[in-house]
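The values are calculated or read from the model by the stated rules, or taken from the named source; none is laboratory data. Please read these numbers as outputs of a predicted model, since none were measured by experiment. Every residue, glycine as well, gets a Cβ built from its backbone with ideal geometry; the counts of neighbours run over all protein chains shown. SASA here: full protein model, heavy atoms, side chains in, ligands and nucleic acids out. Shrake-Rupley method; radii C 1.70, N 1.55, O 1.52, S 1.80 Å.
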Amino acid sequence: MRVLIVGGGGREHALAWKVAESARVSQVYVAPGNAGTALEPRVRNVAIPADDLPGLLRFAREERIDLTIVGPEGPLVAGIVDVFAGAGLRCFGPVAAAARLEGSKAYAKAFLERHAIPTAAYATFTRASFDADWIRAQRAPLVVKADGLAAGKGVVICESPDDAIATAKAMFAGRFGPAGDLIVVEEFLEGEEASFIAMVDGRHVLPLATSQDHKRLRDGDLGPNTGGMGAYSPAPVVTPAIHERVMREVMWPTVRGLAAEGTPYVGFLYAGLMIAGDGTPKVLEFNCRFGDPETQPILMRLRSDLTRLVDAALHGRLDDVDIDWDRQAAVGVVLAAGGYPDTVRKGQAIHGLAAAAELPGKVFHAGTERRGDAVVVSGGRVLCAVGLGDTVREARSEAYALVSTIGFDGMQFRRDIGHRAVARESKLARSHYSRNRR
Ligand code: AMP
(Lines give C-alpha, C1' and ligand atoms only; values in the text may rest on other atoms or scores of the structure.)
Protein backbone atom coordinates (compact mmCIF):
# COMPACT_ATOMS: atom_id res chain seq x y z
CA MET A 1 0.00 0.00 0.00
CA ARG A 2 1.29 3.46 -0.95
CA VAL A 3 0.14 6.27 1.29
CA LEU A 4 0.32 10.05 0.90
CA ILE A 5 0.17 12.29 3.97
CA VAL A 6 -0.69 15.92 3.19
CA GLY A 7 0.96 18.55 5.42
CA GLY A 8 4.29 19.32 7.01
CA GLY A 9 3.81 19.78 10.75
CA GLY A 10 4.18 17.69 13.88
CA ARG A 11 0.81 16.07 13.32
CA GLU A 12 1.90 14.92 9.87
CA HIS A 13 5.20 13.57 11.20
CA ALA A 14 3.25 11.50 13.73
CA LEU A 15 0.78 10.31 11.07
CA ALA A 16 3.59 9.35 8.66
CA TRP A 17 5.55 7.56 11.41
CA LYS A 18 2.48 5.62 12.53
CA VAL A 19 1.38 4.69 9.00
CA ALA A 20 4.93 3.60 8.03
CA GLU A 21 4.86 1.15 10.96
CA SER A 22 2.12 -0.88 9.27
CA ALA A 23 3.19 -4.11 7.57
CA ARG A 24 0.66 -3.31 4.81
CA VAL A 25 2.45 -0.14 3.82
CA SER A 26 5.35 -0.18 1.37
CA GLN A 27 5.92 3.56 0.97
CA VAL A 28 4.74 6.76 2.63
CA TYR A 29 5.04 10.17 0.98
CA VAL A 30 4.60 13.42 2.87
CA ALA A 31 3.78 16.64 1.02
CA PRO A 32 5.69 18.74 1.86
CA GLY A 33 6.89 17.10 5.12
CA ASN A 34 9.78 18.35 7.27
CA ALA A 35 13.26 17.28 8.36
CA GLY A 36 11.77 14.65 10.68
CA THR A 37 9.63 12.94 8.04
CA ALA A 38 12.63 13.01 5.66
CA LEU A 39 14.55 10.81 8.10
CA GLU A 40 11.84 8.24 8.91
CA PRO A 41 12.29 4.76 7.40
CA ARG A 42 9.94 4.11 4.43
CA VAL A 43 8.96 7.80 4.34
CA ARG A 44 9.86 10.31 1.60
CA ASN A 45 9.10 14.00 1.33
CA VAL A 46 7.71 15.46 -1.88
CA ALA A 47 8.03 19.19 -2.48
CA ILE A 48 4.36 19.95 -3.04
CA PRO A 49 2.70 22.51 -0.74
CA ALA A 50 -0.32 21.22 1.20
CA ASP A 51 -2.61 23.73 -0.51
CA ASP A 52 -1.58 22.86 -4.08
CA LEU A 53 -4.59 20.65 -4.82
CA PRO A 54 -3.88 20.12 -8.56
CA GLY A 55 -0.23 19.29 -7.77
CA LEU A 56 -1.23 16.79 -5.09
CA LEU A 57 -3.79 15.16 -7.38
CA ARG A 58 -1.24 14.84 -10.18
CA PHE A 59 1.28 13.27 -7.79
CA ALA A 60 -1.26 10.83 -6.34
CA ARG A 61 -2.25 9.68 -9.84
CA GLU A 62 1.29 9.37 -11.16
CA GLU A 63 2.55 7.53 -8.07
CA ARG A 64 -0.53 5.29 -7.86
CA ILE A 65 -1.25 6.32 -4.27
CA ASP A 66 -3.74 3.96 -2.62
CA LEU A 67 -4.67 6.19 0.29
CA THR A 68 -4.26 9.87 1.12
CA ILE A 69 -4.62 11.20 4.67
CA VAL A 70 -4.97 14.96 5.01
CA GLY A 71 -3.47 16.68 8.07
CA PRO A 72 -4.29 20.40 7.99
CA GLU A 73 -7.64 22.16 7.71
CA GLY A 74 -6.69 24.41 4.76
CA PRO A 75 -6.82 21.78 2.00
CA LEU A 76 -9.90 20.14 3.59
CA VAL A 77 -11.86 23.39 3.66
CA ALA A 78 -10.64 24.04 0.09
CA GLY A 79 -12.13 20.70 -1.02
CA ILE A 80 -9.21 18.30 -1.45
CA VAL A 81 -11.42 15.31 -0.62
CA ASP A 82 -13.96 16.37 -3.27
CA VAL A 83 -11.15 16.74 -5.83
CA PHE A 84 -9.61 13.34 -5.04
CA ALA A 85 -12.97 11.58 -4.88
CA GLY A 86 -13.88 13.11 -8.26
CA ALA A 87 -10.77 11.41 -9.66
CA GLY A 88 -11.66 8.09 -8.02
CA LEU A 89 -8.92 8.35 -5.35
CA ARG A 90 -9.32 7.40 -1.71
CA CYS A 91 -8.71 10.39 0.54
CA PHE A 92 -9.51 10.44 4.26
CA GLY A 93 -11.12 13.63 5.50
CA PRO A 94 -14.40 15.53 5.22
CA VAL A 95 -15.64 16.97 1.93
CA ALA A 96 -15.66 20.78 1.80
CA ALA A 97 -19.35 21.02 2.72
CA ALA A 98 -18.71 19.07 5.96
CA ALA A 99 -15.39 20.82 6.67
CA ARG A 100 -17.38 24.06 7.00
CA LEU A 101 -17.78 23.02 10.65
CA GLU A 102 -14.26 24.42 11.02
CA GLY A 103 -14.14 26.70 7.99
CA SER A 104 -16.96 28.93 9.24
CA LYS A 105 -17.57 29.54 12.93
CA ALA A 106 -20.93 31.17 12.13
CA TYR A 107 -21.99 28.06 10.21
CA ALA A 108 -20.84 25.85 13.10
CA LYS A 109 -22.76 27.90 15.68
CA ALA A 110 -25.95 27.83 13.59
CA PHE A 111 -25.51 24.07 13.10
CA LEU A 112 -25.11 23.55 16.87
CA GLU A 113 -28.21 25.63 17.51
CA ARG A 114 -30.29 23.73 14.90
CA HIS A 115 -29.39 20.44 16.56
CA ALA A 116 -29.64 21.61 20.18
CA ILE A 117 -25.98 20.73 20.85
CA PRO A 118 -24.68 22.59 23.92
CA THR A 119 -22.49 25.63 23.17
CA ALA A 120 -22.01 29.22 24.36
CA ALA A 121 -24.81 31.74 23.64
CA TYR A 122 -23.82 33.92 20.68
CA ALA A 123 -24.67 36.42 17.98
CA THR A 124 -23.14 36.95 14.54
CA PHE A 125 -22.43 40.29 12.88
CA THR A 126 -21.15 41.75 9.65
CA ARG A 127 -19.87 45.30 9.51
CA ALA A 128 -23.32 46.34 8.23
CA SER A 129 -25.30 44.53 10.92
CA PHE A 130 -22.94 45.33 13.81
CA ASP A 131 -24.82 46.38 16.95
CA ALA A 132 -22.57 47.97 19.58
CA ASP A 133 -25.55 48.49 21.91
CA TRP A 134 -26.23 44.75 21.96
CA ILE A 135 -22.61 44.15 22.95
CA ARG A 136 -22.76 46.83 25.69
CA ALA A 137 -25.77 45.01 27.15
CA GLN A 138 -23.80 41.73 27.53
CA ARG A 139 -21.93 40.58 30.56
CA ALA A 140 -18.13 40.55 30.21
CA PRO A 141 -15.87 38.79 29.47
CA LEU A 142 -16.94 38.26 25.87
CA VAL A 143 -15.28 36.20 23.17
CA VAL A 144 -14.99 37.66 19.67
CA LYS A 145 -14.19 35.27 16.83
CA ALA A 146 -13.43 35.80 13.17
CA ASP A 147 -15.69 33.54 11.12
CA GLY A 148 -13.10 32.05 8.77
CA LEU A 149 -9.77 30.29 9.12
CA ALA A 150 -7.23 32.55 10.83
CA ALA A 151 -4.43 30.11 11.66
CA GLY A 152 -5.72 29.69 15.21
CA LYS A 153 -5.45 33.40 15.92
CA GLY A 154 -8.95 34.64 15.17
CA VAL A 155 -10.29 34.30 18.73
CA VAL A 156 -9.98 37.19 21.19
CA ILE A 157 -11.14 37.10 24.80
CA CYS A 158 -12.32 40.59 25.74
CA GLU A 159 -12.50 41.74 29.35
CA SER A 160 -15.11 44.46 28.71
CA PRO A 161 -17.81 45.28 26.16
CA ASP A 162 -15.72 48.26 24.96
CA ASP A 163 -12.81 45.93 24.38
CA ALA A 164 -15.12 43.60 22.42
CA ILE A 165 -16.40 46.48 20.30
CA ALA A 166 -12.84 47.58 19.50
CA THR A 167 -11.86 44.00 18.64
CA ALA A 168 -14.89 43.57 16.39
CA LYS A 169 -14.05 46.80 14.59
CA ALA A 170 -10.44 45.69 14.11
CA MET A 171 -11.69 42.44 12.59
CA PHE A 172 -14.03 44.29 10.21
CA ALA A 173 -11.07 46.51 9.28
CA GLY A 174 -9.20 43.42 8.08
CA ARG A 175 -7.02 42.35 11.01
CA PHE A 176 -7.54 38.71 9.97
CA GLY A 177 -8.19 39.39 6.31
CA PRO A 178 -11.49 38.16 4.82
CA ALA A 179 -11.84 35.68 7.74
CA GLY A 180 -13.09 38.68 9.80
CA ASP A 181 -15.78 39.96 7.42
CA LEU A 182 -18.23 38.01 9.55
CA ILE A 183 -17.75 37.64 13.31
CA VAL A 184 -19.21 35.62 16.15
CA VAL A 185 -19.54 37.22 19.60
CA GLU A 186 -20.19 34.74 22.35
CA GLU A 187 -20.45 34.36 26.09
CA PHE A 188 -17.30 33.39 27.97
CA LEU A 189 -17.50 29.87 29.37
CA GLU A 190 -15.84 28.88 32.63
CA GLY A 191 -14.39 25.44 33.19
CA GLU A 192 -11.63 23.17 32.00
CA GLU A 193 -10.94 22.59 28.32
CA ALA A 194 -10.61 19.18 26.73
CA SER A 195 -10.10 17.97 23.20
CA PHE A 196 -12.42 15.20 22.07
CA ILE A 197 -11.23 13.62 18.85
CA ALA A 198 -12.97 10.84 16.96
CA MET A 199 -12.86 9.06 13.64
CA VAL A 200 -16.14 9.30 11.77
CA ASP A 201 -17.32 7.30 8.74
CA GLY A 202 -20.47 9.26 7.86
CA ARG A 203 -22.65 7.33 10.30
CA HIS A 204 -20.51 5.90 13.10
CA VAL A 205 -18.24 7.54 15.65
CA LEU A 206 -15.07 5.88 16.93
CA PRO A 207 -13.72 8.00 19.78
CA LEU A 208 -9.96 8.19 20.06
CA ALA A 209 -8.09 8.43 23.37
CA THR A 210 -8.86 11.63 25.27
CA SER A 211 -6.37 14.46 25.42
CA GLN A 212 -5.85 17.99 26.60
CA ASP A 213 -3.68 20.66 25.04
CA HIS A 214 -2.10 23.83 26.40
CA LYS A 215 -2.88 26.85 24.25
CA ARG A 216 -1.12 29.62 26.15
CA LEU A 217 2.54 30.36 25.55
CA ARG A 218 3.73 30.46 29.14
CA ASP A 219 3.62 28.33 32.27
CA GLY A 220 0.53 28.63 34.42
CA ASP A 221 -1.61 29.20 31.29
CA LEU A 222 -0.35 32.76 30.91
CA GLY A 223 0.70 34.73 27.85
CA PRO A 224 -0.77 34.81 24.34
CA ASN A 225 -2.71 31.99 22.68
CA THR A 226 -0.69 29.73 20.40
CA GLY A 227 -1.39 26.79 18.13
CA GLY A 228 -0.64 24.63 21.19
CA MET A 229 2.44 24.32 23.42
CA GLY A 230 1.95 20.72 24.46
CA ALA A 231 -0.64 18.01 25.01
CA TYR A 232 -1.13 14.82 26.90
CA SER A 233 -3.31 11.73 26.79
CA PRO A 234 -5.41 10.47 28.49
CA ALA A 235 -7.02 13.57 29.98
CA PRO A 236 -8.50 12.70 33.38
CA VAL A 237 -10.89 15.68 33.12
CA VAL A 238 -12.85 13.46 30.70
CA THR A 239 -14.11 10.94 33.22
CA PRO A 240 -16.05 7.94 31.93
CA ALA A 241 -19.29 9.78 32.80
CA ILE A 242 -18.25 12.90 30.90
CA HIS A 243 -17.05 10.74 27.99
CA GLU A 244 -20.50 9.23 27.76
CA ARG A 245 -22.17 12.65 27.89
CA VAL A 246 -19.90 14.03 25.15
CA MET A 247 -20.74 11.09 22.91
CA ARG A 248 -24.47 11.42 23.59
CA GLU A 249 -24.81 15.21 23.67
CA VAL A 250 -22.16 16.28 21.17
CA MET A 251 -20.65 13.63 18.89
CA TRP A 252 -23.71 11.59 17.92
CA PRO A 253 -26.01 14.58 17.34
CA THR A 254 -23.28 16.25 15.27
CA VAL A 255 -22.67 13.24 13.04
CA ARG A 256 -26.39 12.49 12.68
CA GLY A 257 -27.18 16.16 12.06
CA LEU A 258 -24.59 16.42 9.29
CA ALA A 259 -25.87 13.24 7.66
CA ALA A 260 -29.48 14.45 7.92
CA GLU A 261 -28.52 17.73 6.26
CA GLY A 262 -26.98 15.89 3.30
CA THR A 263 -23.34 16.53 4.25
CA PRO A 264 -22.24 13.29 5.95
CA TYR A 265 -18.91 13.66 7.74
CA VAL A 266 -15.98 11.33 7.09
CA GLY A 267 -12.62 12.01 8.72
CA PHE A 268 -11.12 12.99 12.02
CA LEU A 269 -13.58 15.18 13.92
CA TYR A 270 -12.27 17.27 16.78
CA ALA A 271 -14.58 18.94 19.27
CA GLY A 272 -12.90 21.56 21.45
CA LEU A 273 -14.92 21.45 24.68
CA MET A 274 -15.31 23.44 27.84
CA ILE A 275 -16.23 21.13 30.72
CA ALA A 276 -18.05 23.06 33.45
CA GLY A 277 -17.51 22.27 37.13
CA ASP A 278 -20.66 20.10 37.17
CA GLY A 279 -19.39 18.04 34.20
CA THR A 280 -21.53 19.72 31.54
CA PRO A 281 -19.66 19.76 28.20
CA LYS A 282 -20.13 22.66 25.78
CA VAL A 283 -18.63 22.97 22.31
CA LEU A 284 -16.09 25.79 21.91
CA GLU A 285 -15.25 24.89 18.35
CA PHE A 286 -15.02 22.07 15.86
CA ASN A 287 -11.92 21.20 13.91
CA CYS A 288 -12.24 19.08 10.78
CA ARG A 289 -8.92 17.32 11.39
CA PHE A 290 -6.73 15.68 13.97
CA GLY A 291 -5.34 18.18 16.50
CA ASP A 292 -1.77 19.40 16.59
CA PRO A 293 -0.12 18.72 19.07
CA GLU A 294 -2.73 16.21 20.34
CA THR A 295 -1.99 13.82 17.46
CA GLN A 296 1.55 13.25 18.68
CA PRO A 297 0.78 11.89 22.19
CA ILE A 298 -2.41 10.14 21.01
CA LEU A 299 -0.65 8.23 18.20
CA MET A 300 2.19 7.30 20.57
CA ARG A 301 -0.48 5.39 22.51
CA LEU A 302 -2.26 3.83 19.52
CA ARG A 303 -1.48 0.15 19.14
CA SER A 304 -3.89 -0.60 16.31
CA ASP A 305 -2.90 -0.24 12.65
CA LEU A 306 -4.05 3.27 11.67
CA THR A 307 -4.41 2.29 8.00
CA ARG A 308 -6.94 -0.38 8.96
CA LEU A 309 -8.95 2.14 10.95
CA VAL A 310 -8.93 4.55 8.01
CA ASP A 311 -9.96 1.74 5.63
CA ALA A 312 -12.86 0.89 7.92
CA ALA A 313 -13.89 4.55 7.99
CA LEU A 314 -13.79 4.83 4.20
CA HIS A 315 -16.00 1.72 3.98
CA GLY A 316 -18.50 3.07 6.53
CA ARG A 317 -17.61 0.26 8.92
CA LEU A 318 -16.18 1.96 12.00
CA ASP A 319 -18.84 0.08 13.98
CA ASP A 320 -16.89 -3.10 13.15
CA VAL A 321 -13.44 -2.20 14.45
CA ASP A 322 -11.75 -2.46 17.79
CA ILE A 323 -9.17 0.07 18.77
CA ASP A 324 -6.29 -0.83 21.03
CA TRP A 325 -4.48 1.67 23.26
CA ASP A 326 -1.32 1.52 25.26
CA ARG A 327 -2.35 1.89 28.91
CA GLN A 328 0.56 4.25 29.44
CA ALA A 329 0.04 8.00 29.44
CA ALA A 330 1.80 10.18 26.86
CA VAL A 331 2.96 13.77 27.28
CA GLY A 332 4.12 15.94 24.37
CA VAL A 333 6.10 19.14 24.96
CA VAL A 334 6.33 21.62 22.08
CA LEU A 335 9.63 23.41 21.49
CA ALA A 336 8.85 26.70 19.79
CA ALA A 337 11.05 29.17 17.93
CA GLY A 338 12.12 32.52 19.32
CA GLY A 339 9.46 35.16 18.69
CA TYR A 340 6.61 32.62 18.41
CA PRO A 341 3.61 33.16 18.21
CA ASP A 342 4.37 36.53 16.57
CA THR A 343 7.31 37.04 14.26
CA VAL A 344 9.28 33.83 14.26
CA ARG A 345 13.08 33.71 13.96
CA LYS A 346 14.17 31.03 11.49
CA GLY A 347 17.35 29.37 10.29
CA GLN A 348 18.96 28.56 13.68
CA ALA A 349 20.68 25.16 13.88
CA ILE A 350 19.02 22.61 16.18
CA HIS A 351 21.41 20.65 18.41
CA GLY A 352 20.98 17.43 20.34
CA LEU A 353 18.59 15.52 18.07
CA ALA A 354 20.99 12.56 17.79
CA ALA A 355 21.32 12.38 21.58
CA ALA A 356 17.52 12.57 21.96
CA ALA A 357 17.11 9.68 19.51
CA GLU A 358 19.05 7.45 21.94
CA LEU A 359 16.52 8.08 24.73
CA PRO A 360 13.09 6.54 25.26
CA GLY A 361 10.20 8.50 23.78
CA LYS A 362 10.06 10.22 20.42
CA VAL A 363 10.78 13.69 19.05
CA PHE A 364 8.38 14.68 16.28
CA HIS A 365 9.43 17.48 13.98
CA ALA A 366 7.23 20.37 12.87
CA GLY A 367 8.92 23.60 11.71
CA THR A 368 12.24 22.05 10.69
CA GLU A 369 14.16 21.67 7.46
CA ARG A 370 17.46 20.14 6.45
CA ARG A 371 20.29 22.40 5.44
CA GLY A 372 23.25 20.28 4.42
CA ASP A 373 23.88 18.00 7.38
CA ALA A 374 22.19 20.34 9.83
CA VAL A 375 18.54 20.54 10.87
CA VAL A 376 17.38 24.15 11.21
CA VAL A 377 14.31 26.00 12.44
CA SER A 378 11.79 26.79 9.68
CA GLY A 379 8.54 27.48 11.55
CA GLY A 380 6.98 28.61 14.83
CA ARG A 381 6.44 25.25 16.47
CA VAL A 382 9.67 23.42 15.84
CA LEU A 383 9.55 20.06 17.63
CA CYS A 384 7.30 18.07 19.94
CA ALA A 385 9.04 15.75 22.42
CA VAL A 386 6.75 12.93 23.55
CA GLY A 387 7.36 10.71 26.57
CA LEU A 388 5.41 7.68 27.82
CA GLY A 389 4.94 6.50 31.38
CA ASP A 390 2.64 4.65 33.74
CA THR A 391 1.42 8.00 35.00
CA VAL A 392 1.29 11.45 33.43
CA ARG A 393 4.01 12.44 35.89
CA GLU A 394 6.32 9.69 34.59
CA ALA A 395 5.48 10.42 30.97
CA ARG A 396 6.27 14.05 31.64
CA SER A 397 9.70 13.16 33.05
CA GLU A 398 10.48 11.16 29.92
CA ALA A 399 9.38 14.05 27.69
CA TYR A 400 11.47 16.61 29.59
CA ALA A 401 14.50 14.30 29.50
CA LEU A 402 14.25 14.53 25.70
CA VAL A 403 13.82 18.30 25.89
CA SER A 404 16.94 18.67 28.03
CA THR A 405 19.13 17.22 25.27
CA ILE A 406 17.84 19.64 22.60
CA GLY A 407 18.76 23.26 22.05
CA PHE A 408 18.54 26.05 19.51
CA ASP A 409 18.84 29.78 19.69
CA GLY A 410 15.65 31.35 21.06
CA MET A 411 14.03 28.03 22.03
CA GLN A 412 10.87 28.45 24.13
CA PHE A 413 8.85 25.75 25.87
CA ARG A 414 6.54 25.30 28.82
CA ARG A 415 7.75 23.46 31.88
CA ASP A 416 4.31 22.53 33.15
CA ILE A 417 2.71 20.42 30.39
CA GLY A 418 0.24 18.03 31.99
CA HIS A 419 0.04 20.02 35.22
CA ARG A 420 -3.69 19.52 35.68
CA ALA A 421 -3.39 15.76 35.27
CA VAL A 422 -0.36 15.62 37.57
CA ALA A 423 -2.30 17.55 40.21
CA ARG A 424 -5.16 15.10 39.88
CA GLU A 425 -2.79 12.15 40.12
CA SER A 426 -1.37 13.54 43.32
CA LYS A 427 -4.88 13.43 44.74
CA LEU A 428 -6.00 10.10 43.38
CA ALA A 429 -4.81 6.65 44.21
CA ARG A 430 -2.44 5.15 41.69
CA SER A 431 -4.84 2.33 41.01
CA HIS A 432 -6.88 4.89 39.09
CA TYR A 433 -4.54 4.47 36.12
CA SER A 434 -4.47 0.72 36.09
CA ARG A 435 -8.17 0.66 35.30
CA ASN A 436 -9.04 0.26 31.65
CA ARG A 437 -9.12 3.93 30.71
CA ARG A 438 -9.07 5.48 27.31
P1 AMP B 1 -11.47 28.28 19.45
O2 AMP B 1 -10.52 28.38 18.28
O3 AMP B 1 -12.85 28.71 19.15
O4 AMP B 1 -11.39 26.97 20.18
O5 AMP B 1 -10.86 29.28 20.52
C6 AMP B 1 -9.51 29.23 20.92
C7 AMP B 1 -9.43 29.26 22.42
O8 AMP B 1 -10.12 30.39 22.93
C9 AMP B 1 -10.12 28.07 23.09
O10 AMP B 1 -9.27 26.97 23.14
C11 AMP B 1 -10.43 28.64 24.44
O12 AMP B 1 -9.27 28.66 25.26
C13 AMP B 1 -10.79 30.07 24.14
N14 AMP B 1 -12.25 30.22 23.97
C15 AMP B 1 -12.92 30.18 22.80
N16 AMP B 1 -14.23 30.37 23.01
C17 AMP B 1 -14.40 30.52 24.34
C18 AMP B 1 -15.53 30.75 25.18
N19 AMP B 1 -16.76 30.89 24.70
N20 AMP B 1 -15.31 30.83 26.51
C21 AMP B 1 -14.07 30.72 27.02
N22 AMP B 1 -12.96 30.53 26.28
C23 AMP B 1 -13.12 30.43 24.96
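For the chain, a Kirkwood hydrodynamic radius built from all Cα pairs, placed in the Stokes-Einstein relation at 10 °C and 1.306 mPa s, yields a translational diffusion coefficient of 72 µm²/s. Each stretch of four or more DSSP H residues adds -39500 (n - 2.57); spread over every residue of the chain, this sum gives -8500 deg cm²/dmol at 222 nm.
Here the chain has 50 percent of its accessible surface on carbon and sulfur atoms, given a 1.4 Å probe and all protein chains in place.
When every alpha-carbon pair in segment 192-296 is counted, what percent end up more than 18 Å apart?
Summing the P(r) of segment 192-296 above 18 Å gives 47 percent of all pairs.
Scaled against 2.2 N^0.38 Å for its residue count N, the alpha carbon radius of gyration of segment 43-195 is 1.27. Per the Debye calculation on segment 353-398 with a single equal scatterer at every Cα and no solvent contribution, log₁₀ I(q)/I(0) for q = 0.27 Å⁻¹ amounts to -0.97.
Please give the Cα centre distance for segment 117-160 versus segment 213-229, rounded to the nearest Å. Going from one Cα centre to the other spans 21 Å. Packing around the peptides 236-242, 249-255, 130-136, taken as the average count of other Cβ atoms within 10 Å per residue, puts them in this order, highest first: 249-255, 236-242, 130-136. With protein chains left intact and a 1.4 Å probe, residues in the chain average 40 Å² of accessible area per residue.
For segment 26-109, the set of trypsin sites (Lys or Arg not before Pro) satisfying both a DSSP loop assignment and a count of at most 14 other C-beta atoms within 10 Å is given as ARG64. Segment 6-62 and segment 249-275 have Cα centres spaced 27 Å apart. Across segment 6-56, the convex hull enclosing all Cα atoms gives 66 Å³ per residue. LEU15 sits with roughly 0 Å² accessible to a 1.4 Å probe, with DNA, RNA and ligands left out of the calculation.
When GLU193, GLU73 are compared by accessible surface with a 1.4 Å probe, the order from highest to lowest is GLU193, GLU73.
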